[in-house]
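Chemist: One structure, pasted below without further comment.
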Amino acid sequence: MSHPVGVRTTCPYCGVGCGVVVSSERLLAGHPVEADGITLSGDQQHPANFGRLCSKGSALAETLDIEGRLLYPIVDGQRASWDEALDRVAHGFKKIVAQYGPDAVAFYVSGQLLTEDYYVANKLMKGFIGSANIDTNSRLCMATAVAAHKRAFGADAVPVCYEDIEVADLVVIVGSNYAWAHPVLFQRLAAAKQARPEIQVVVIDPRRTATCDIADLHLAIAPGADAYLFNGLLHYLRREDAIDFAYVEAHVEGFAASFEAARTVSSVPKVAQVCGVSETQVSEFFRMFARTKRTVTIFSQGINQSSSGVDKANAIINVHLATGRIGKPGMGPFSVTGQPNAMGGREVGGLANQLAAHMDFSDAANIDLVARFWNAPHIAKAPGLKAVGMFQAIASEKIKAVWIMGTNPVVSMPDADTVRAALKSCELVVVSDCVQHTDTTACADILLPAAGWGEKDGTVTNSERLISRQRAFLPAAGEAKPDWWIVTQVAQRMGFAEAFPYTQPAQIFREHARLSGFENGIDFENGVGFENKTKRAFDVSALAEMDETQYDALQPLQWPVNSQTPHGIQRLFTDGKFYTPNGKARMVAVTPRLPAVATDADFPLVLNTGRIRDQWHTMTRTGKVPRLNAHLFEPFVQVRARDATSYNLQEGGLAKLSSRHGTMLARVQVSEDQRTGSAFVPIHWSDAFAKLARADALVAAITDPISGQPEFKHTPVKIEPYQPAWQGFALSRERLDFPDTSYCASSQGAAYWRHEIAGGSIPEDWLAWARSAFNRCADWGKSDLLKYLWLEYRDAAMGRYRAACLHDGRLEAVFFIAPDQRLPSREWLSSLFKKSVLAAADLAGLLAARAPSGTAADGGRIVCACFSVGEKTILNGIQAQGLNSAEAIGLKLKAGTNCGSCLPEIRRLIARQA
Ligand code: SF4
């Protein structure tokens with residue numbers, strides 16, 4: 001296969017779905033393409049990003065090497081051939097189905113899969129194995145929005161498009177650190193606001209986040225109070241005569257009941273009291289909303305990850321329906337999705353309560369339709385187990401075989417320790433992944449190497465219903481295969497070859513497109529469907545006849561794509577007609593509920609979890625990129641100063657967080673961004689990168705009763721200082737292992753590894769301890785360990801120890817130990833790993849961590865990941881050079897001039913100095 005020049009593809013991280021252009025000099029020269037030498041930029045023509053990329057997207061080329069990849073099948077810990085491994089999977093699943101029935105097996109899949117992968121996995125489980133036990137990690141991020149859309153619109157249909165954010169006059173962002181979780185959309189909004197400063201932005205979030213950088217108003221409401229706020233807004237709109245009664249009369253039902261249900265907390269003072277913010281702020285927000293016709297309300301995990309998330313989402317949708325602000329430019333409720341293909345998964349039916357092509361199990365006619373289309377005699381007849389229930393069924397041995405595809409539930413599921421124990425005791429665990437060592441692959445009986453980004457070919461759908469191609473530009477690493485191929489092979493070996501004849505992803509897409517249009521016409525006689533509207537919202541039937549060339553060349557387009565709208569459409573519901581039996585949207589009567597478990601004397605803090613700027617999910621890819629590890633390199637817990645004082649926590653010290661379900665160690669950050677009584681931890685760290693740092697081990701397996709989405713945003717915890725016997729750090733050329741430490745967070749830097757460590761007991765001999773950590777690493781040339789030169793400094797009275805290991809003048813490792821966290825800067829020491837031989841001046845300052853005079857000043861913690869510009873450098877620029885705007889800093893220091901993800905932080909540094 002010849003590789004085309006300048007391949008257009010899509011970023012594999014978040015639901016923004018940015019277009020990426022990949023090119024390579026080698027590729028241009030026609031050589032076989034390797035991962036190195038690849039350059040990558042934002043696709044100027046892609047309608048999601050128009051050339052922009054965030055820090056994660058712009059570092060994609062640095063994730064493509066094969067280090068850490070799963071390169072061949074492994075069965076029971078031994079390398080196996082594909083035939084052996086696939087036979088084992090097929091035989092294992094068949095045997096368990098024959099013995100215990102189809103509901104004894106399950107698939108747990110991922111929003112990282114392409115639509116074609118998802119389609120085949122869903123078809124195999126629901127159509128041919130005969131169970132609906134297939135659920136996706138998208139359950140953890142947007143199942144709530146799906147349920148709310150279906151209640152309100154009769155279909156899981158996102159009404160708006162990205163352009164609406166730019167043409168709105170008011171953008172309300174609820175429960176989303178948009179600047180870090182959907183960075184390019186945030187940049188589009190920031191640019192629109194710069195061009196048109198009259199756009200107003202309101203952020204509703206218990207935390208002050210980077211998103212507040214462009215906010216005119218931040219409502220730091222009490223965790224979980226969102227439905228009270230939006231119910232109060234509904235009442236305010238009525239009082240202020242801002243309801244569009246003509247629209248409601250023509251296109252909406254349920255207004256009276258919704259209004260009545262909102263009565264309990266409806267006055268501004270009551271709303272302010274329940275939400276824990278001032279009356280002035282509530283009034284200001286309500287006034288802004290009431291007087292601004294062009295309003296978009298963006299909502300994300302802060303709404304979705306809640307035990308009453310569906311009601312919260314419907315409370316938001318209610319105010320848009322009541323004001324007729326939907327289906328028009330710059331108006332609408334907008335659920336932004338977390339993953340690159342969460343939407344594609346929804347389209348094929350990848351959730352356990354969906355069937356396929358936006359049909360579910362509530363209508364026997366749908367089940368019959370899909371069974372006939374697939375020619376599937378044993379189709380599942382009822383919803384399967386949602387993610388939390390699925391892992392509970394594995395724990396109770398009702399499910400005896402599970403196949404996990406492209407996801408890491410041992411880190412990301414709530415009650416994560418129980419999930420790990422469940423997998424360890426499960427009879428058959430199959431994991432297909434592109435990464436060899438994850439917390440989940442460690443539980444697998446059979447590992448199947450999946451093709452990674454750049455190697456696989458198919459389609460994804462982003463948050464605005466835009467279908468884009470992900471195209472291959474690299475040969476598969478090792479023996480890796482696309483997920484659709486792996487599932488197809490297993491299906492064939494299970495006896496379903498006729499229904500799974502696929503040899504190309506285009507074949508699968510065509511079938512998926514045909515199913516979306518199958519018996520999806522307008523049925524006037526039975527009152528189903530309307531003029532220019534099919535019965536089911538999801539319809540891409542106009543793409544069902546594409547040949548391979550057309551599929552390869554497919555340009556981004558927003559569904560529905562059918563005979564009425566062959567080029568797709570930007571906005572839904574422009575005609576005021578919805579996918580309900582009478583065509584009217586439904587306002588839902590919402591009675592707000594507080595989070596399922598309240599804080600108490602034993603667990604007095606509310607723990608909130610979320611993403612950070614430069615990491616993606618469990619860091620299996622972004623954790624490979626030194627510049628993405630430089631901004632935040634350790635698991636941390638952020639608390640307000642008042643709480644830090646109450647719980648004896650020190651900035652930079654370690655803290656132990658405990659809930660009724662698990663514990664976590666993290667570095668303390670004291671910040672007024674938190675509400676008193678709240679703490680925030682990032683979701684990304686796993687056992688692969690740190691000890692005791694899986695945030696979701698603390699989270700209870702409590703879910704929304706409708707969507708099944710877990711309550712990740714409200715876990716009662718206690719926090720206490722963690723005081724080890726010693727703390728320290730080690731920098732080393734290769735990754736080291738510290739099994740005898742109580743805390744260890746490892747991150748990869750440029751030419752070195754950084755290990756932040758702490759221990760519960762002091763070793764008898766520090767040198768022996770350091771040597772043993774060093775010698776444990778396999779690649780050191782153990783045959784000649786005597787050639788390594790060790791330098792030491794001890795101050796037993798002060799509890800300080802320092803050592804350096806050199807080989808032929810080249811620095812191999814340094815160890816710095818102290819009784820507490822007061823340790824020298826790692827900046828200059830880490831720069832020494834770039835040298836092949838240390839200079840005499842370097843050696844002289846090595847154990848004192850003192851750089852020779854003339855060395856560039858320590859730039860401090862990295863703020864701009866693209867150009868490695870540190871906090872101290874920026875602060876110095878502000879103070880000494882008078883750089884008093886982000887633009888001035890960009891001009892002088894380059895910081896913030898590439899992806900722009902660090903601009904909110906730069907502006908905060910300027911504000912702080914001012
Ligand atoms: Fe990728 Fe960033 Fe775009 Fe998300 S915003 S798709 S992570 S480049």
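Chemist: Asp83 accessible area, nearest 10 Å², 1.4 Å probe?
Modeler: Approximately 90 Å² for this residue.
Chemist: While we're looking at this one, here's another question. When we measure straight from the Cα of Lys270, which lysines land under 19 angstrom away, once same-chain ones fewer than 8 places off are left out?
Modeler: Partners within reach: Lys312.
Chemist: Checking the table Lys835/Lys894; Lys381/Lys577; Lys398/Lys424; Lys835/Lys872 against a 20 Å threshold on Cα-Cα, which pairs fail?
Modeler: Lys835/Lys894; Lys381/Lys577; Lys835/Lys872
Chemist: At a Förster radius of 45 Å, what calculated FRET efficiency corresponds to the Cβ-Cβ distance of Ala751 and Thr280, to the nearest 0.05?
Modeler: Approximately 0.25, to the nearest 0.05.
Chemist: Let me ask another. Once you place label points 7 Å from the Cα toward the Cβ at Glu548 and Asp65, how far apart are they in nm?
Modeler: 3.5
Chemist: How many Å² of accessible area per residue for the chain, probe 1.4 Å?
Modeler: Solvent-accessible surface per residue comes out at 35 Å².
Chemist: Between Leu791 and Arg196, 0.36 nm times their residue separation minus their Cα-Cα distance comes to what?
Modeler: Contour length minus the Cα-Cα distance gives 208.1 nm.
Chemist: What does DSSP give for the chain in terms of the percent of beta bridges that are antiparallel, rounded to the nearest 5?
Modeler: Here the antiparallel bridges make up roughly 65 percent for the chain.
Chemist: Here's a follow-up. Would you check the accessible area of His567, probe 1.4 Å, heavy atoms only, in square angstrom rounded to 10?
Modeler: Ignoring ligands and nucleic acids, His567 comes out at about 150 Å².
Chemist: Tell me the GluC sites (Glu not before Pro) within segment 187-293 that lie in a loop according to DSSP and have at most 15 other beta-carbon atoms within 10 Å.
Modeler: Here the GluC sites (Glu not before Pro) that fit, given the DSSP loop and packing criteria, are Glu198, Glu240.
Chemist: Let me ask another. Kindly write out, for segment 487-499 in residue order, the coupling ³J(HN,Hα) from the Karplus curve 6.51 cos²θ - 1.76 cosθ + 1.60 (θ = phi - 60°), rounded to whole Hz, with x marking Gly and Pro.
Modeler: 5, 4, 5, 5, 4, 4, 6, 8, x, 10, 4, 4, 7
Chemist: Determine ³J(HN,Hα), in whole Hz, for all residues of segment 102-114 in sequence, where each value follows from phi through the Karplus function 6.51 cos²θ - 1.76 cosθ + 1.60 and θ = phi - 60°; x replaces Gly and Pro.
Modeler: x, 6, 8, 10, 8, 10, 10, 10, 8, x, 7, 5, 7
Chemist: Counting only residues 5 or more places away or on other chains, whose amide H sits under 5 Å from the amide H of Gly610 once H atoms are built in the peptide plane?
Modeler: Long-range HN contacts for Gly610: Val681, Ile683.
Chemist: May I pose another question? Would you mind checking the pairs Lys691/Lys787; Lys126/Lys386; Lys94/Lys123 and listing those with alpha carbons more than 20 angstrom apart?
Modeler: Beyond 20 Å: Lys691/Lys787.
Chemist: Roughly how far apart, in whole Å, are the Cα centres of segment 633-695 and segment 483-511?
Modeler: One Cα centre to the other: 46 Å.
Chemist: Mind jotting down the distance between the C-alpha centroids of segment 98-114 and segment 292-320, whole Å?
Modeler: 31
Chemist: Computed FRET efficiency, Cβ-Cβ of Arg239 and Thr580, R0 22 Å: what is it to the nearest 0.05?
Modeler: Here the calculated transfer efficiency is 0.15.
Chemist: Could you give the length gained by full extension between Glu249 and Ala382, i.e. 0.36 nm per residue of separation minus their alpha carbon distance, to one decimal place?
Modeler: Value of the extension gain: 44.3 nm.
Chemist: While we're looking at this one, here's another question. Which FRET efficiency, nearest 0.05, do Arg287 and Arg861 yield, Cβ-Cβ r, R0 45 Å?
Modeler: FRET efficiency, Arg287 to Arg861: 0.65.
Chemist: Can you give the extra length, in nm with one decimal, that the chain gains between Ile569 and Leu767 once fully stretched, where that is 0.36 nm per residue apart less the Cα-Cα distance?
Modeler: Residue separation times 0.36 nm, minus the Cα-Cα distance, leaves 64.5 nm.
Chemist: Then there is this: Only loop residues by DSSP count here, and only those with at most 13 other Cβ atoms within 10 Å; note down the trypsin sites (Lys or Arg not before Pro) in segment 257-326 that meet that.
Modeler: Sparse-neighbourhood loop trypsin sites (Lys or Arg not before Pro): Arg263.
Chemist: Just the accessible area for Val625, please: 1.4 Å probe, Å², rounded to the nearest 10?
Modeler: Its heavy atoms expose roughly 0 Å² to the probe.
Chemist: Label-point separation (nm) for Asp740 and Ser267, each offset 7 Å from Cα along Cα-to-Cβ?
Modeler: It is 6.8 nm.
Chemist: Once label points are set 7 Å from the Cα along Cα→Cβ at both Glu397 and Ala888, what is their separation, rounded to one decimal in nm?
Modeler: If labels sit at Glu397 and Ala888, their model points lie 7.1 nm apart.
Chemist: Give the aspartates and glutamates whose C-alpha is closer than 20 Å to that of Lys95, dropping any in the same chain fewer than 8 places away, or say none.
Modeler: Asp76, Asp83, Glu84, Asp87, Asp103, Glu397, Glu427, Asp445
Chemist: Which percent of the accessible heavy-atom area of the chain goes to carbon and sulfur, probe 1.4 angstrom?
Modeler: Carbon with sulfur: 51 percent of the solvent-accessible area.
Chemist: I'd like the distance separating the alpha-carbon centroids of segment 434-466 and segment 697-756, in whole Å.
Modeler: 23
Chemist: Something else: Karplus couplings for segment 310-324 from phi (6.51 cos²θ - 1.76 cosθ + 1.60, θ = phi - 60°), rounded to Hz, Gly and Pro as x?
Modeler: Along segment 310-324, the couplings run 5, 5, 4, 4, 5, 4, 5, 4, 3, 5, 6, 5, 5, 9, x Hz.
The values are calculated or read from the model by the stated rules, or taken from the named source; none is laboratory data. Model, not experiment: these values are computed from the prediction. A quick note on method: Cβ atoms are made from the backbone with ideal geometry, for glycine too, and the neighbour counts reach across all protein chains shown. Heads up: the accessible areas ignore ligands, DNA and RNA and are worked out on the full protein's heavy atoms, side chains in. Shrake-Rupley method; radii C 1.70, N 1.55, O 1.52, S 1.80 Å.
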